[in-house]
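Since the structure comes first, as structure tokens, the remarks are kept for the end.
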Amino acid sequence: MSDRVGVLFVCLGNICRSPLAEGVFRQLVSEATLLDRFEIDSAGTTSYHAGSPPDGRTVTVARRRGLVLEHAARQITEEDVRAYDYVVVMDASNRAKVTRLVERASGTAEVRMLREFDPEAHDELDVPDPYFGGDDGFEDVHDMVERSCRALLNHIREEHGF
């Protein structure tokens, strides 16, 4: 990623959790006036929704919280795991798939669970997929993602000295 820190958020279909994490993290980085120091994106482990915008329920919750999500779903590639510094996954299944991809592609990305950074995780590291649930699930996921992204940004700033 050159001199920029590359952060790629990954979930299953790239329409709920990972585009939300991308948007939240981008907003936090912008507020810290560090956008020129980062490359931020999101992807899915599958191509189920390739080209689709984020789920409408994710967009609605984000909009209520002052966040605009502009993203088209895509599947993670071998090039991603060679180019990005951090691949931040939403659950254990995503982690397993991404870890295999990193090994197959001789990638250098550090694979982390997003909730590793959540001060309220209490050993529950999965960000639950809200896709098949009700609206409350999208609110809960947004809270988890926001807490985790704040701590992730602090972690990266400490690691990279800015």
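For this structure, a couple of remarks:
- For beta carbons closer than 6 Å, sequence separation of 6+ or different chains, a first residue in the stretch 97-111 that is under 17 Å from Arg4 (Cα atoms) and a second that is assigned to a loop (DSSP other than H, G, I, E, B), the qualifying pairs are Ala109/Tyr84.
- Flag for Val81 being closer than 19 Å to Thr46 by Cβ and open to solvent by less than 10 Å² (accessible area, probe 1.4 Å): yes
Residue-wise test of (1) hydrophobic (A, V, I, L, M, F, W, C); (2) without any contact (Cβ under 8 Å) to a residue 40 or more places away in the chain; (3) open to solvent by less than 10 Å² (accessible area, probe 1.4 Å); (4) not in a loop (DSSP other than H, G, I, E, B).
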{"position": "Ser93", "(1), (2), (3), (4)": "no, no, no, yes"}
{"position": "Arg115", "(1), (2), (3), (4)": "no, yes, no, yes"}
{"position": "His122", "(1), (2), (3), (4)": "no, yes, no, no"}
{"position": "Asp126", "(1), (2), (3), (4)": "no, yes, no, no"}
{"position": "Cys149", "(1), (2), (3), (4)": "yes, no, yes, yes"}
{"position": "Ile156", "(1), (2), (3), (4)": "yes, no, yes, yes"}
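- Number of the condition not met by Arg74 [criteria: (1) under 21 Å from Glu146 (Cβ atoms); (2) out of contact with any Pro (no Cβ under 9 Å at 6 or more places or on another chain)]: (1)
- Matching residues, the stretch 54-67, being touching a helix residue (DSSP H, G or I) at 6+ places or on another chain (Cβ under 7 Å), of a type outside the set (S, T, N, Q) and either open to solvent by 60 Å² or more (accessible area, probe 1.4 Å) or part of a helix (DSSP H, G or I) (or both): Arg57, Val61, Ala62, Arg65
- Close contacts from the stretch 11-32, counting a first residue that is assigned to a helix (DSSP H, G or I) and a second that is of a type in the set (S, T, N, Q), with Cβ to Cβ under 6 Å and a gap of 6+ residues or different chains, come to Ser18/Ser42; Pro19/Ser42; Leu20/Thr58; Glu22/Ser42.
- Considering the stretch 1-53, the residues that are in contact with a strand residue (DSSP E or B) (Cβ under 8 Å, 6 or more places away or on another chain) and hydroxyl-bearing (Ser, Thr, Tyr) include one that is surrounded by the fewest Cβ atoms within 10 Å (Cβ to Cβ), namely Ser47.
The values are calculated or read from the model by the stated rules, or taken from the named source; none is laboratory data. Note that the structure is a prediction, hence the values are computed from the model and not measured. When we count neighbours, we look across all protein chains shown, and the Cβ atoms used for this are built from the backbone with ideal geometry, even at glycine. Calculation scope for accessible area: heavy atoms of the full protein, side chains included, ligands and nucleic acids excluded. Shrake-Rupley method; radii C 1.70, N 1.55, O 1.52, S 1.80 Å.
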